[in-house]
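Just below is one structure, and these are the notes that go with it.
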Amino acid sequence: MKRLFLMMVFLVMAAICGVSQSLAEAGELVVYSARNEHLIQPLFDAYTEQTGTEIRFITDKAGPLLARLKAEGSGTPADLLITVDAGNLWHAAQEGILQPVVSETLQRNIPEHLRDTENRWFGLSLRARTLVYSTERVRPEQLSTYAALGGEVWKGRLLLRTSKKVYNQSLVAMLIAAHGEAGAESIVRSWVDNLAAAPLANDTQVMEAILAGQGDVGIVNTYYFGRLLRKDPNIKLALYWPNQGEASGGVHVNVSGAGVTRHAKHRAEAIRFLEWLSSEKAQNLFADGNLEYPVNPKVKPHADVAAWGAFRASDLPLIQAGELQESAIRLMDRAGYR
């Protein structure tokens, strides 16, 4: 009887240990994301199906997520931060929220200029901030560079989104990187002089205003154009890729990206997930949902995105979008760009 009892205890303990081992192997991950749930849920589901790792997450705007991570400190449950714009990623790194990650996989899959020089964040999808124009009132050969939008021909015809959005702050920061502060300020002042209306709240409003005849040309992120195009395939708008000359620097691009949090409780799993996101298998899942471009050069964009045409992108290090952001904000204020 005693032998039978001991055997049963052994079997129960073995079962408990087995379950614990199973959970440990399956792992778990907590993600704070500034990308919307409908964009990240398919990724999490695919990763869980492939690896067994359960992913818990919350979504919010970039600012509140950074504030939350700072307030939680070492007690945060977050292992990974996903957010938009290199400026926000740089800011998170400067606030000490992210930790360095040494990974040959990430270095191999993600071009150097699309990741932090100290490996605290990595771009995972790419968007271009480019020109959009009315196909009824503008001929593409009239367009050339970002700076040329300040020319006399565009007087009273240019529409811009507000300077308060990080996308424009990063754009101007990269203009400073390319042209110096005086050169960038001259460009921004010429834009302000050519505005057809006060800066608008978002990129969609810029395109709607062009459609309404309020202006003829604007600057938007490519995926906003893609969303409108899906609603109306005959829309009277088109994208233009500026700065394509040899010495013109290329189209301004930015990223959505991620970094492992400083106090991650599941650091190894967070790195594995980050590496998976950069893989050929996952890159289309990450980029296609928002009509963006994969950062992994081996992966082709979605057919709808590829249909907008090829372009030469700027290869300036995106870390400068963060490093020069405060200068960009002051510059826009001096230039009267609101």
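Of note:
- Of the residues Ala184, Ala173, Ala198, the single one that is more than 29 Å from Glu323 (Cβ to Cβ) and under 27 Å from the mean Cα position of the chain (by Cα) is Ala198.
- Cross-chain or 6+ apart pairs with Cβ under 9 Å, region 30-44 first and farther than 14 Å from Val84 by Cβ and in a helix (DSSP H, G or I), then β-branched (Val, Ile, Thr) and open to solvent by less than 20 Å² (accessible area, probe 1.4 Å): Phe44/Val31
Conditions tested, residue by residue: (1) closer than 25 Å to Arg35 by Cα; (2) crowded, with 17+ Cβ neighbours inside 10 Å; (3) in contact with a His (Cβ under 7 Å, 6 or more places away or on another chain).
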site	(1), (2), (3)
Trp308	yes, yes, no
Phe311	no, yes, no
Asp315	yes, no, yes
Ala328	yes, yes, no
Leu331	no, yes, no
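- The number of residues in region 225-242 that are closer than 21 Å to Leu126 by Cα and assigned to a loop (DSSP other than H, G, I, E, B) comes to 2.
- Pairs meeting the criteria (first residue in region 186-206 and under 17 Å from Val132 (Cα atoms) and crowded, with 19+ Cβ neighbours inside 10 Å, second residue modelled with pLDDT under 95 and of a type outside the set (Gly, Ala, Ser), beta carbons under 9 Å, at least 6 apart or on different chains) are Asp203/Lys165.
- Screening Ala197 on (1) assigned to a helix (DSSP H, G or I); (2) farther than 30 Å from Leu66 by Cβ; (3) of a type in the set (A, V, I, L, M, F, W, C) shows it passes everything except condition (1).
- Taking the criterion of being in contact with a helix residue (DSSP H, G or I) (Cβ under 7 Å, 6 or more places away or on another chain), loosely packed, with under 15 Cβ neighbours inside 10 Å and assigned to a helix (DSSP H, G or I), the only residue of region 45-89 that qualifies is Ala46.
- Subset of region 289-306 that is of a type in the set (D, E, K, R) and more than 21 Å from Gly87 (Cβ to Cβ) - its residue that is most open to solvent (accessible area, probe 1.4 Å): Lys300
- In region 274-288, the residues that are under 13 Å from Arg35 (Cβ atoms) and open to solvent by less than 10 Å² (accessible area, probe 1.4 Å) never reach a residue that is assigned to a loop (DSSP other than H, G, I, E, B) and aliphatic (A, V, I, L, M) with C-beta atoms less than 6 angstrom apart, at least six apart or across chains.
- Within region 243-261, one or more residues are farther than 21 Å from Pro111 by Cα, part of a strand (DSSP E or B) and in contact (Cβ under 8 Å) with a residue 60 or more places away in the chain.
The values are calculated or read from the model by the stated rules, or taken from the named source; none is laboratory data. The shown structure was predicted, so the numbers you read here are calculated from the model rather than taken from an experiment. Neighbour counts are summed over all protein chains in view; Cβ atoms, including those assigned to glycine, are modelled from backbone coordinates with ideal geometry. Areas reflect the complete protein model, heavy atoms only, side chains present, ligands, DNA and RNA absent. Shrake-Rupley method; radii C 1.70, N 1.55, O 1.52, S 1.80 Å.
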